[in-house]
Amino acid sequence: MEKEKKIKKNFTAWDMEELEEAFDLTELNSNKHLHNLLNTEIELSDFENQNLKYYLKMSTNKMKQWNETELITKFIGPMISLVNFDTPDFNYFAERYISAIVGDYEMLGRADGMIATGKWKPKIPFFFISEYKKEVEPRRNPMAQNLAEMIVAQKLNNNKCPVYGAYVVGKQWHFMILEDKTYTISRAFDATRNDIFDIFKILKNLKITITEIFKKMNAQKN
């Protein structure tokens, strides 16, 4: 019997309407898991506060001048490194290829950044981040790219846990969650204002959340 041919589509080729129709998704205004991620009372160390004050000054003065690569290397990368997502159970990967068959589609592409199990290469992803310099670019939609990557993660973890994401457009950060057939997007957090401290707390809370998800997934195996 001839194997059914799937439609191959890169993450960057999707728009939001196509994703909703292809995968029967619904946007919700709120999600308890995303609410818990965003509303955290995590304390920051003096070292973290000093670094964030430096990043805030730099982003306020320089962000308009940066291209996308400079935004990643000078600002987003240092923020991610300060959290340190590299653990014995999962790691942060950048510009890694990932794919999965989801329904009628073969979804594939290189993710700007992801947190996933695996030492040498990503296996089961829990979080994706997409970085853009401009709000609107030809053939690229930051929200849709991030959601497409999250759909692949949901497939790879057999829909056993919520999948988190974030897309960064210049100074604006939006956090996302995909749970079952619903997704929710946070308000914008402005990295050139004091929101930068909230962004960092959310990232730190994300590390705690992924650690808990990993433990639950291991418990289900046993």
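The values are calculated or read from the model by the stated rules, or taken from the named source; none is laboratory data. Model, not experiment: these values are computed from the prediction. Here Cβ is always computed from backbone atoms with ideal geometry, including for glycine, and neighbour counts include all displayed protein chains.
The rows are residues; the columns are (1) under 28 Å from residue 110 (Cα atoms); (2) at pLDDT below 95; (3) of a type in the set (Gly, Ala, Ser); (4) within 18 Å of the chain's Cα centre (by Cα).
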site	(1), (2), (3), (4)
31	yes, no, no, yes
47	no, no, no, no
54	no, no, no, no
65	yes, yes, no, no
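Checked against the criterion of being more than 20 Å from residue 188 (Cβ to Cβ) and among the acidic types (Asp, Glu), the candidates 48, 68, 27 yield just one match: 48.
When you scan region 81-135 for strands (runs of 3 or more DSSP E) that lie fully inside it, which ones turn up with 1 or more residues that are of a type outside the set (Lys, Arg) and over 24 Å from residue 20 (Cα atoms)?
On the way: elements: 91-102, 105-116, 125-132.
The strands (runs of 3 or more DSSP E) meeting that bar are 91-102, 105-116.
Residue 129: over 30 Å from residue 57 (Cβ atoms) and either of a type in the set (A, V, I, L, M, F, W, C) or surrounded by fewer than 20 Cβ atoms within 10 Å (Cβ to Cβ) (or both), yes or no? Spelling it out, it is not the case that residue 129 is over 30 Å from residue 57 (Cβ atoms) and either of a type in the set (A, V, I, L, M, F, W, C) or surrounded by fewer than 20 Cβ atoms within 10 Å (Cβ to Cβ) (or both). Please find, within region 35-71, the residue that is surrounded by the most Cβ atoms within 10 Å (Cβ to Cβ) out of those that are within 23 Å of residue 167 (Cβ to Cβ) and basic (Lys, Arg). In this case the residue turns out to be 62.
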